[in-house]
1. Can you tell me which residue in the stretch 169-198 is surrounded by the fewest Cβ atoms within 10 Å (Cβ to Cβ), limited to those that are without any contact (Cβ under 8 Å) to a residue 60 or more places away in the chain and more than 27 Å from residue 265 (Cβ to Cβ)?
2. What tally of residues in the stretch 34-64 results from selecting those that are more than 15 Å from the chain's Cα centre (by Cα) and under 18 Å from residue 137 (Cβ atoms)?
3. Find the residue count for the stretch 319-338, including only residues that are within 14 Å of the chain's Cα centre (by Cα) and over 25 Å from residue 165 (Cβ atoms).
4. Working carefully through the options 404, 347, 383, 392, find the one that is surrounded by fewer than 20 Cβ atoms within 10 Å (Cβ to Cβ), over 30 Å from residue 227 (Cα atoms), in contact with a strand residue (DSSP E or B) (Cβ under 8 Å, 6 or more places away or on another chain) and at pLDDT 95 or above.
5. Within the stretch 179-196, identify whether any single residue is more than 16 Å from the ligand (Cβ to nearest atom) and within 30 Å of residue 418 (Cα to Cα), and answer yes or no.
6. Can you tell me which of 133, 152 is within 16 Å of the ligand (Cβ to nearest atom), outside any strand (DSSP E or B) and under 20 Å from residue 100 (Cβ atoms)?
7. For the stretch 53-69, give me the residue count where each residue is away from the ligand (no atom under 12 Å from the Cβ) and assigned to a strand (DSSP E or B).
8. Just wondering, is there one or more residues in the stretch 311-318 that are more than 16 Å from the chain's Cα centre (by Cα), assigned to a loop (DSSP other than H, G, I, E, B), closer than 26 Å to residue 439 by Cα and modelled with pLDDT of 95 or more?
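The values are calculated or read from the model by the stated rules, or taken from the named source; none is laboratory data. None of the values given here were measured: they were computed from a predicted structure. Ideal geometry is used to build each Cβ from the backbone, glycine not excepted, and the neighbour counts take in all protein chains shown.
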Ligand code: FRU
């Protein structure tokens, strides 16, 4: 694989030389240059957090998949690592697809991934062949491919994205499959030695008959329940849901080894924004369930693809929990507060009707924490203009009191795809919005993570202001704090 990896590094170096910084993230993981999609192999190994990701090092479009790599001691400051895997064996000839990593008793990191081949060697026209493979590593940096562990039954078109975990002496693997009758399923395998895997059962089938494949399933316990994250291919747009080309969601249920998953809830979006796909979770050493999602798009051209030399980033890491109603909560991990550099505290105040209050003159990387007393608020929308440039263009984040929803509206965003996305608001007089604005994205956490919205936002040139805005009524602000955020990178890229 050495040669392929050297060539991949050269690909990245060529793109990096031309990288445009205007929208390149400062506190989100992205490749130095080139394309990325799904987070892969999330793990804690050799005293560091390891984050790998689907990576195409030769361009800003999806292409033959490699595993890019970064690592961190604390989930806050990250080090670039060499590209970890490239297509190099017959089974992964056309792509080292998504997968997960776990630490074996022998102290090695085991990376389970899908080896991908186009049957015709070029594209999907004659279908594909996907198999589950293993690569092991002593240091998390260089991997030795061990070949194919799970072959694809004859005739199945989609068969990918292994997620592995351990319970007692048994290792469990789940991945997504398209059954012979075109239903989206999660298949389960077990192993006692991490090498020999036996088919256990179809653990879960999406009740939605439109879903023909479940990409990137992740199955994990939260409290006394089990959660399955998955990304169904096929479902139609439905009101505010399934609006993106690709959509990620979850179901909650019960499960015990040797059984099927008993579903207790309907499928719900994990995040309501334009860009949130293929999330993967892992358990941190202190027992938290942490997720990263991919902030990107397969279907809609991304503004950075034209001339900026990079495309796609990961979300900030989110700590997950379930409430008594089996509703998933996701909030930025506590460590992220360490990125804060300067803080401005606006205290409590009332914003008069039809006002725009400037909070930050140039917010390249900022976090806004807003708490509003809705009982004392008459404004139709509680708005935040972010990425607002001198020409008046901005991305609008708001609580809409008429609709009872929280929205990211890109009608007037500087560049890229427009449109809006909207999450339900569960009610309650105290509205909390925590908004993370990076150079090319916005992430909104409603009421400490009860709902989230994640979207690209590519502003125009010049300073990027943040404003609080009221409409036809007043806003009763209980508290408002704005933090400037520093970078996650230990070293500059160039
Ligand atoms: C999801 C996905 C996976 C696949 C990978 C390929 O985004 O399509 O199913 O393994 O991306 O890059």
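1. 169
2. Kept after step one, since they are more than 15 Å from the chain's Cα centre (by Cα), are these residues of the stretch 34-64: 34, 43-50, 56-64.
Now narrow it down to the ones that are under 18 Å from residue 137 (Cβ atoms): 43-50.
Of the residues in the stretch 34-64, 8 are more than 15 Å from the chain's Cα centre (by Cα) and under 18 Å from residue 137 (Cβ atoms).
3. 0
4. Values: 404 fails: over 30 Å from residue 227 (Cα atoms); 383 fails: surrounded by fewer than 20 Cβ atoms within 10 Å (Cβ to Cβ); 392 fails: in contact with a strand residue (DSSP E or B) (Cβ under 8 Å, 6 or more places away or on another chain).
Only one candidate qualifies: 347.
5. Looking for residues that are more than 16 Å from the ligand (Cβ to nearest atom) and within 30 Å of residue 418 (Cα to Cα), one finds none in the stretch 179-196, hence no.
6. Values: 133 fails: outside any strand (DSSP E or B).
After ruling out the rest, the residue left standing is 152.
7. First pass over the stretch 53-69, keeping only residues away from the ligand (no atom under 12 Å from the Cβ): 57-60, 69.
Pick out the ones that are also assigned to a strand (DSSP E or B) and you get 69.
The number of residues fulfilling the criteria is 1.
8. Start the filter on the stretch 311-318 by keeping residues that are more than 16 Å from the chain's Cα centre (by Cα), which leaves none.
So far as the stretch 311-318 goes, no, none of its residues is more than 16 Å from the chain's Cα centre (by Cα), assigned to a loop (DSSP other than H, G, I, E, B), closer than 26 Å to residue 439 by Cα and modelled with pLDDT of 95 or more.
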